[in-house]
Structures are given as C-alpha cells and as structure tokens.
Amino acid sequence: MSMRLLTNFRWWRTGELSSMIIEGDRVVLAPESRSLEHQSGYELVDCGGKILLPKFIDSHCHVLPTGLDLLKLDLSSFGTRQEVLDAVRDWSHAGNGSSEGWILAVQYNQTKFHDSRHITIQELDAISNRPILIRHSNGHASVANSAALQAAGVSDSTPNPAGGEYGRDASGRLNGVLFETAHEYVTSCAPQPGLNEMVEAILAAGVKMAELGIGTASDMMTGRFDLGLELQAYQIAAERGCPIRTRLYIQWREVFGPKGVGLEAFRDLEAGFTNPNRTKIAGVKLFADGAIGSATAAIYGQYSGAESNGVVISPFAKPTEAMNTSGQLIYSAEKLKTMVMIASEAGYQVAVHSIGDYSTDLVLDAFEATGCASRHRLEHAMLLSDSQIERLTQLNPFVTFQPEFLLRFGGTYLKQLGPERTSLLKRSRSVIDAGLRLSFSSDRPIVPGDPRDGIRFAVERGEGFSSAENISFEEAVDAYTVQGAMVNGDLGLMGTLGEGELADYQLVDSVI
C-alpha cells in the first residue's frame, strides 16, 4: 500500500503551512501545522505552497444529461430571438442532429429577449420539417416545432397531462411551448441514448467536473431514459475510472410508479452496486413544482411577467382556500404526501424539488407526515418566508441551494418576480443561522457549475440580492464539502479530510 507525506501546503481553513499523511486512498494524519518532512517510509510530496482543501461535492446535479448535452446545440451565448433562430437554422443546415433527424438544442431562455416572448411553433416550422426541440435553460420547459409534436402524437385536441401543459395561442391551437410533464413527454419521444453513449457521456461529464475540483456528484434524475441501462452505465463508468464519485437519486416513478420496476426488483438492482465508494444509489427523487424562468414554480401571489400576442406564459394553479397562487404543482398535496410516504417507508431518503414557497409548504407537510423529516432533502427552496424557516428548524430536513442560479438567472428572476422577492431568493444566511444543514450544488447542466462561482456569489450575492443573506467564505466552502457529504449520507467518508476519510483533496492557487 502506497504511503505519501504531503508537505508545504497551506490548509484552507487556517492558511498555515501544513502536512498530511495518506496511506492508499485514506487519510491517516489529517492536515496539521507541524512539519513532518523527516518522517521515513513515505513518498514525500512537496505541494509548492499551494492551498489544499477537500474536493468539492456537487450534491444536486445531472451527470448523464451533462455529458449528453455536449452533443447538442448550446444556445446560452445568444441573447436575441433572431440569433437563436439563426443558430438553430445553421445547425440544421450543417447536418447536425440524431440519426432520426431530430434537432436538439439546450440553454434556451426567452427572458433574454426584449419582449420576453417565447419562440413560436411557426418560427421553428419555417426552419425545417425535421423535428426540432429547444430546451429551456431551467430544464422545465421547451419549444417544439410541428414535426416534433407529430412525432410525439400531440395535436391541438390532445389534453394537458397531469402536472403540465401544452401551450396554446388565443384560438386554442398549439403554440409549441411545453411546460413540465408536457415537456418531459415530448422530450422522451426524441431518440434515446444507448448504453455505450451513456457511458461515454458520464465519463465526459466526469472529466469536465473534475477539472473544476469536484470529486463527488449526486445525479438527481437517474432513470430519465432507461433505469436499468443508466444504472449499468454508471457502474461501467466507475469501473473505467470515472474521475468523480457518483451518488444516484432515482426518479420515484421508475421504482414505485405503475410502470416502475417495483421495490423488490429495484432492491436487486441496488444490490449490484458493489463499490459504494465509487457509485451508489442514495435515494429517491420527486418534483413538487416547476421553475421561475418558465413561471411554473408554485408560488404565493402572481408572477410579474406576462406574455403578449395571446401566448400563454404559464399554467396557473387555481387558488385554494382563498390563497392566491400561481405556477404549477406537479401533484396534488395528497398525492405528493402519499408518494413521499411510500418511498420513506421503503427506507429511502426522499429528495423533493420545490422552488416556490407554495409548493415548499406542501413538501414540508409531506415530510412531517413521514415522522422522520430530518432524513429527507428539500431541493432549491428559492422562496422562503420567515415562518417557513422557523418550521424548517422544527422538522430539520436537509436543504440544498444553488447560489450560482442567482449569478446566471438574476435578470430572469427580476422579470418574473419583481425586485422585492428577487432580492430574498436563496436565503443562505437565514437558513444557516437557523441551524439548518445547508449544502450547495449546481444543478448542472442548467448552469456551468463551477463551485467557485457559487462560493463567490454566496459570500457576496451581488446587485439586486439582499446582502443580509451573504455568508462567510468558510461557510460557503463547507456547504460544498462537509455539508455535501452529510446530505449524501457520506459523512465520515469524505468532506473534511479527517483521519480515516477518503483522501479526496485538491491543490489550488486560490479557492475563489
């Protein structure tokens, strides 16, 4: 077993020159300031005075989709409607797309346009008669042309699916905009990746993330394409040396839904993960609402933005008990509670996507009903009131934020929510002061996903966001390391470089 003595590095917490001993892949002497250069029997590693800290843990992202998106048209650099249309046209004329002819683009965001109006089905139809699907940057909506809708069997008479909506114009005809489960359905009709493509995508995503100092990533939607193939792909990628460790959160429906594999078969699949240090199933994932950018996050009150020309910008939930609410609940309150209970009683940690304050209240009701709320995960929670934070302290679930969202989508949030609500998005200071377990993550490929961007924007939130919610540098790094390990069930295995932990460290010139 190899034994290494790392010297001449600055430990990130203290800034002092320190040493650390590693045997195999484990820390046997945690970083400390005393000099150990003259110890015998170790390979001496001079770190050149660099800063040493644990590798980052991205506790909420999408690993496989990150790799697959590298093969699609990226629209993130285009700020006008015409630029987006020209890019799709150029991509189409260059012969890009799948073997079945689909043209797939990502990182579309209509709020960048001066009128915030979605691209229409007619504009996409004018480009090509091949199926075109452009996915919104928030991952909860897309715009399709007629060929894509026809391939999915969607027509003007198709009813809205539960938890979603097919956008329509003033005359009731499809306008190509797809929200939530409608977006998911049409997306699922595009050509699906095979096992080899999945493996290569996971490896490619792992390389990209490792370059950013990330050592472990939680995939938050495993089973999007084919659960069995995806689980196999993650295992093969790990065996082939994927540079990141993966923790997999499985879509609820793929296990417990009417077309799911069932609990017994799922446990058999889970038993096949024989190297949990590299990759493991960590829990079950549910969506409670949508996203702010597509105005589908379930919020109290109304969205500030509104589309013109008869184009519906979002579905609006009917007020309940005289409460004025907007956005999209994916499930009714009772259905959500039942789904959370089923997974919890089966012994799994449940992670629930909830961006709006309205949906968060319903998620907390569901967590409370399990009798073990502190085991489960609240993902995003972008809008939190003081009373909700107080309730969170009583239930004590894990909370996961994505501070990079504020950096990338600040303009979108301002248009959709107005300045007051936007300023108090992602209340890190209040959540930490309340004693809650807060981890940070990226939700890539929604954003580029560099943890250093997240750290910077958590420490100094920037114009338009309340500085009262800034946190310290040390708290921000902890949220990307030790807190990430905790929420993934890996505390004691990684996150601090303590004795006995995996030696997942990085050497950098500067942390931010």
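The values are calculated or read from the model by the stated rules, or taken from the named source; none is laboratory data. Every value quoted in this text rests on a predicted model; they were computed, and no experiment measured them. Methodologically, a virtual Cβ is constructed for each residue, glycine included, from the backbone with ideal geometry; neighbour enumeration extends over all protein chains shown.
Note on the range 325-365: residues that are β-branched (V, I, T) and part of a loop (DSSP other than H, G, I, E, B) total 2. One residue stands out among those in the range 445-456 that are touching a Lys or Arg at 6+ places or on another chain (Cβ under 9 Å) and not acidic (D, E): the one that is modelled with the highest pLDDT, which is G449.
Does T7 qualify as being farther than 30 Å from Q192 by Cβ and in contact with a strand residue (DSSP E or B) (Cβ under 7 Å, 6 or more places away or on another chain)? Yes, satisfied. Could you tell me whether any residue of the range 145-155 is touching a strand residue (DSSP E or B) at 6+ places or on another chain (Cβ under 7 Å) and either under 21 Å from R444 (Cα atoms) or part of a loop (DSSP other than H, G, I, E, B) (or both)? Yes, that holds for at least one residue. Residue-level check: of (1) farther than 29 Å from G213 by Cβ; (2) at pLDDT below 95, V84 misses just (2). Of the residues examined, P448 is not one that is outside the structural domain of L73 (by TED's automatic domain parsing), farther than 30 Å from L71 by Cβ, touching a residue at least 40 places away in the same chain (Cβ under 8 Å) and surrounded by fewer than 23 Cβ atoms within 10 Å (Cβ to Cβ).
Considered as a group, the residues in the range 61-81 that are surrounded by fewer than 21 Cβ atoms within 10 Å (Cβ to Cβ) and of a type in the set (A, V, I, L, M) include one that is modelled with the highest pLDDT, and that residue is L70.
Residue selection: E230 fails the criterion of being of a type in the set (D, E, K, R) and modelled with pLDDT under 95.
Residues that are hydroxyl-bearing (S, T, Y) and surrounded by 20 or more Cβ atoms within 10 Å (Cβ to Cβ) were ranked within the range 137-173; the one that is modelled with the lowest pLDDT is S137. When restricted to residues that are under 15 Å from the mean Cα position of the chain (by Cα) and not charged (D, E, K, R), the range 376-397 contains 4.
Among the residues of the range 366-412, the ones that are assigned to a helix (DSSP H, G or I), among the hydroxyl-bearing types (S, T, Y) and modelled with pLDDT of 95 or more come to 4 in all. Of everything in the range 491-501 that is touching a strand residue (DSSP E or B) at 6+ places or on another chain (Cβ under 7 Å) and within 23 Å of F398 (Cα to Cα), the residue that is surrounded by the fewest Cβ atoms within 10 Å (Cβ to Cβ) is G498. Restricting attention to helices (runs of 4 or more DSSP H) lying wholly within the range 442-492, give those where 1 or more residues are closer than 18 Å to T422 by Cβ and touching a Ser or Thr at 6+ places or on another chain (Cβ under 9 Å). Per the criteria, 451-459. Of all positions in the range 359-375, none carries a residue that is closer than 18 Å to Y480 by Cα and either of a type in the set (D, E, K, R) or under 20 Å from the mean Cα position of the chain (by Cα) (or both).
For the range 417-425, check the following and say yes or no: at least one residue is more than 24 Å from R13 (Cβ to Cβ), modelled with pLDDT of 95 or more, among the β-branched types (V, I, T) and buried (at least 18 other Cβ atoms within 10 Å of the Cβ). Yes, the range 417-425 contains a residue that is more than 24 Å from R13 (Cβ to Cβ), modelled with pLDDT of 95 or more, among the β-branched types (V, I, T) and buried (at least 18 other Cβ atoms within 10 Å of the Cβ). Restricting attention to the range 43-98, the residues that are touching a Phe, Trp or Tyr at 6+ places or on another chain (Cβ under 8 Å), over 25 Å from A479 (Cβ atoms) and of a type in the set (A, V, I, L, M) total 4. So for the range 42-60 (the condition being closer than 30 Å to R247 by Cβ, surrounded by 14 or more Cβ atoms within 10 Å (Cβ to Cβ) and without any contact (Cβ under 8 Å) to a residue 60 or more places away in the chain), does at least one residue qualify? Yes, that holds for at least one residue.
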